[in-house]
Amino acid sequence: MGTVTLGVSIAVPEPYGSYLQGRRAGFGDPAAHGIPTHVTLLPPTEVDGSALPAIEAHLARVAAEGRPFPMRLEGTGTFRPLSPVVFVKIVEGVEECAALQERIRAASGPCARELQFPYHPHVTVAHGIDEGAMDRAFTELKDYEAAWTIRGFALYEQGADGVWRLEREYPFGASEPPEGGTPVVPRQADLSRPATPLH
């Protein structure tokens, strides 16, 4: 059956998901349209295709034990210089995301793996682009805010074209797909201000 590249994440719902994906594309990130806006729970992981049933069963068990929790985004952060990433910060829901990803990566489970960096939940808005564009992303979204309720997570597979596609959703504590959260209109950043280089 060969190998497949999987990822597990929390999707950022509308209207936030499309807005942040559009901004990411606007900053010149070529990967923007191939990566749905998300919070990572399991980073890209290559597995044997025969392991998929066990992985799906494991994720279903983790989701069945989960409960909805609030998430709030506010402002920007960066992993530079360690990693060329600018992100929107999660200011509510961090502990819940951390606990969830630990259960997904449990050493006794089929998704066990080590992380390259300590887990830090975030929503990427720029990755691996030139420094000026990274500075723009950091500055132009620094006033961005959004809030909704997390009702589950999802499994994605990366195609040969590099695009990540939804494979299956896992609602918390239920067997039915989650409802679309409870989005409110986010306060947009003031885009009239010029970007300021970071030091």
Computed over the chain: longest principal axis from alpha-carbon atoms vs helix 16-26 long axis, angle to nearest 10 degrees, is 60 degrees
Sorted on mean Cβ neighbours within 10 Å (highest first), peptides 77-87, 18-28 come out as 18-28, 77-87
Packing-ranked peptide list from 30-39, 103-112, highest mean Cβ count within 10 angstrom first, is 30-39, 103-112
Compactness summary of the stretch 34-143: radius of gyration and Dmax from Cα atoms, Å, are 15.8, 45
Proxy exposure order for Asp29, Asp143, Asp161 (fewest C-beta within 10 Å first) is Asp161, Asp143, Asp29
Nearest 10, in degrees from 0 to 90: the angle of helix 131-140 to the longest Cα principal axis of the chain is 90 degrees
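Each reported figure results from applying straightforward, stated rules to the coordinates on display, with no laboratory input. These numbers were taken from a predicted model, which means no experiment stands behind them. Please note: Cβ atoms are built from the backbone with ideal geometry, for glycine as well, and neighbour counts cover all protein chains shown.
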